[in-house]
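**Q** Following this message is one structure expressed as structure tokens.
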Amino acid sequence: MIHALTCLLFPLFGGCAPFVEYAALPEALLASPAYYAGRPVIVTGSVARVRQLRGASFGTLAETFYLCNGRCVQVFMREHTSMFEGERVSVRGFFSAKQRAGRLVLHDDIDAAEIFPRI
């Protein structure tokens, strides 16, 4: 907690990257994936192609979907949600250029920590 307060009071000190979230569009993530890789992002768009997964390789329920706003970026969530096609949502999570989840290999995706609706 002290470290987070130090970053707020003295933002020029190094080591504040874990506390910064990058608000980006899917196009920006796909245009420069190396820049956003491993960074926390917040992305807003429309939901498309929801796929619910269940299996021993994940250990829990999971789902993937695409978040689109012009171009689409894939999102991986380690639980089932009540989203529907075309719903507008914001996703908070970490962007990765390549991620393995069991036998599933995801490229240019967001590992979602939180999904919240947008109006």
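Read-outs: derived from the displayed coordinates by stated rules, not from any lab. Values in this document were obtained by computation on a predicted structure and should not be read as measured data. A quick note on method: Cβ atoms are made from the backbone with ideal geometry, for glycine too, and the neighbour counts reach across all protein chains shown.
**Q** Quick one: 3J(HN,Hα) in Hz for the stretch 72-80, Karplus 6.51/-1.76/1.60 with θ = phi - 60°, rounded, Gly and Pro as x.
**A** 3J(HN,Hα) across the stretch 72-80, in whole Hz: 10, 10, 7, 10, 10, 10, 8, 6, 8.
**Q** Whole number please: convex hull volume per residue, Cα atoms of the stretch 20-117, in Å³. Walk me through the numbers before you get to the answer.
**A** Working: hull volume 8.3 nm³, N = 98.
Convex hull volume per residue, Cα atoms: 84 Å³.
**Q** In addition: Near the amide H of His80, under 5 Å away, which other amide H atoms are found, from residues 5 or more places off or on another chain, if H is placed in the peptide plane?
**A** none
**Q** Work out the charge dipole of the stretch 20-117 with +1 on the Cβ of Lys and Arg and -1 on the Cβ of Asp and Glu about the Cα centre, then indicate which of His80, Phe95, Thr60 is farthest towards its positive end.
**A** Checked the options; the winner is Thr60.
**Q** With r defined as the distance between the Cβ atoms of Glu114 and Ser32 and R0 fixed at 22 Å, what FRET efficiency is calculated, to the nearest 0.05?
**A** Working: r = 24 Å, r/R0 = 1.07.
After rounding, the FRET efficiency stands at 0.40.
**Q** Would you order Ser82, Ser46, Ser32 from fewest to most other beta-carbon atoms within 10 Å of each residue's own beta-carbon? List each step's numbers first, then the result.
**A** On the way: Ser82 5, Ser46 16, Ser32 10.
The order, fewest Cβ neighbours first, is Ser82, Ser32, Ser46.
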